[in-house]
Amino acid sequence: MKIGIIGAGNIGGNLTRRLSALGHDVSVANSRGPQTLTELAAETGATPVRVEEAARNAEIVIVTVPLKAVPDLPKGLFDEAAEGAVVIDTGNYYPQQRDGRIAAIEDEGVTESRWSERQLGHPVIKAFNATFAQDLLERPRPAGDPDRMALSVAGDDEAAKAKVRALIDELGFDTVDTGGLDDSWRQQPGTPVYGMRGDVEAVTRALEAATPERPADFRG
C-alpha cells in the first residue's frame, strides 16, 4: 500500500520504520525539507519528499505534526491522493507545553482531531496518539498473544476506520473503537487510556472511565 507520512518526529519516524519494514511504499516529509531525511531514508528505504508531495497517490496519509502546525500545512494537501484516501491524525493538544491556547478546543469543546479535521479540510481518523512512540518498535505481538497491546481508534467513517484498524493489526496491535470523532476526547491527553499499555479489555474499560473535563495540565 502507498502511505504518506507528514512529520518525522518520534511517532512519524517509527511509523516510517515499521511500515517500510512491512513492505509498504512509504513517502515521508517534514517541515525542514527532504534533504534532512536522508538518514531515515537510508535506514528504512522510504522516499523523502516535500510536504506538498507526501500525499500524492497515497491510500493512507498519516499527519503527525504538532497541533499548532496543522493550519500551516499546504492547502489542497490531499488533492493528488488516491481516491478514497484515509487520513490519520496522531495529534495531541498541549497548550501549556507547546501549542498555545486554541479557543475552539478550550471554549467550544471541539475535540482535538475534529479541530484538526477542520484545518485540513478532509475527514480524519484519530489513532496512534495515546501510545508511546517506542512501543511501536518494541511491543508488537502476533494476534492472540496475551501481551498484545490495544490502541484506541476514533472516527466517523466506518470504512476508513476499518482500514486503519487493519493497518494497526498488521503492525502487531489490537484495536478498540472509541466511537465517532466527537467521542475522541476519550483518548485525548489526561484520560485513563492515554499512555497505557493494556489489552482490549483494559483499554475498553479505560475509554469507558474517561470524563470530558480537560485536566488542568492540559488546559490553556
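Which residue is surrounded by the fewest Cβ atoms within 10 Å (Cβ to Cβ), if the candidates are limited to segment 113-134 and must be small (Gly, Ala, Ser) and in contact with a helix residue (DSSP H, G or I) (Cβ under 6 Å, 6 or more places away or on another chain)? Show your work before the answer.
So the first thing to find is which residues in segment 113-134 are small (Gly, Ala, Ser), and the list is 113, 116, 121, 127, 130, 133.
Keeping just the survivors that are in contact with a helix residue (DSSP H, G or I) (Cβ under 6 Å, 6 or more places away or on another chain) gives 113, 116, 127, 130, 133.
Numbers: 113: 30, 116: 26, 127: 26, 130: 25, 133: 17.
Ranking the candidates gives 133 first.
Run down 189, 146 and say which single residue is farther than 24 Å from residue 26 by Cα and either among the small types (Gly, Ala, Ser) or free of Cβ contacts under 8 Å to residues at least 60 places away in the same chain (or both). Step through it out loud before you land on a result.
Values: 189 fails: either among the small types (Gly, Ala, Ser) or free of Cβ contacts under 8 Å to residues at least 60 places away in the same chain (or both).
Of 189, 146, the one residue that is farther than 24 Å from residue 26 by Cα and either among the small types (Gly, Ala, Ser) or free of Cβ contacts under 8 Å to residues at least 60 places away in the same chain (or both) is 146.
Identify the residue in segment 23-36 that is in a loop (DSSP other than H, G, I, E, B) and under 21 Å from residue 70 (Cβ atoms) and, among all such residues, is nearest to the chain's Cα centre (by Cα). Before you say what the answer is, go through the steps one by one.
Of all residues in segment 23-36, those in a loop (DSSP other than H, G, I, E, B) come to 23-24, 30-33.
Then drop every residue that is not under 21 Å from residue 70 (Cβ atoms), which leaves 30-33.
Working: 30: 15, 31: 17, 32: 20, 33: 21 Å.
Of everything passing the filter in segment 23-36, 30 is nearest to the chain's Cα centre (by Cα).
I'd like the full set of residues that are out of contact with any strand residue (DSSP E or B) (no Cβ under 8 Å at 6 or more places or on another chain), open to solvent by 10 Å² or more (accessible area, probe 1.4 Å) and part of a loop (DSSP other than H, G, I, E, B), limited to segment 148-187.
156
Out of (1) among the aliphatic types (A, V, I, L, M); (2) within 12 Å of the chain's Cα centre (by Cα); (3) closer than 16 Å to residue 171 by Cβ, what's the single condition that is false for residue 1?
Residue 1 satisfies all of (1) among the aliphatic types (A, V, I, L, M); (2) within 12 Å of the chain's Cα centre (by Cα); (3) closer than 16 Å to residue 171 by Cβ except (2).
Of all residues in segment 188-220, which are farther than 23 Å from residue 134 by Cα, outside any loop (DSSP other than H, G, I, E, B) and open to solvent by less than 70 Å² (accessible area, probe 1.4 Å)? Full working, then the answer.
Filtering segment 188-220 down to residues farther than 23 Å from residue 134 by Cα leaves 205, 208-217, 219-220.
Add one more test, that the residue is outside any loop (DSSP other than H, G, I, E, B), and what stays is 205, 208-209, 216-217.
Scanning segment 188-220 gives 209, 216.
Scanning for something part of a strand (DSSP E or B), modelled with pLDDT of 95 or more and open to solvent by 50 Å² or more (accessible area, probe 1.4 Å), does segment 11-22 turn up at least one residue?
Of all residues in segment 11-22, those part of a strand (DSSP E or B) come to none.
There is no residue in segment 11-22 that is part of a strand (DSSP E or B), modelled with pLDDT of 95 or more and open to solvent by 50 Å² or more (accessible area, probe 1.4 Å).
The values are calculated or read from the model by the stated rules, or taken from the named source; none is laboratory data. Please read these numbers as outputs of a predicted model, since none were measured by experiment. Please note: Cβ atoms are built from the backbone with ideal geometry, for glycine as well, and neighbour counts cover all protein chains shown. Just so you know, the surface numbers come from the protein's heavy atoms only, side chains and all, with ligands and any DNA or RNA stripped out. Shrake-Rupley method; radii C 1.70, N 1.55, O 1.52, S 1.80 Å.
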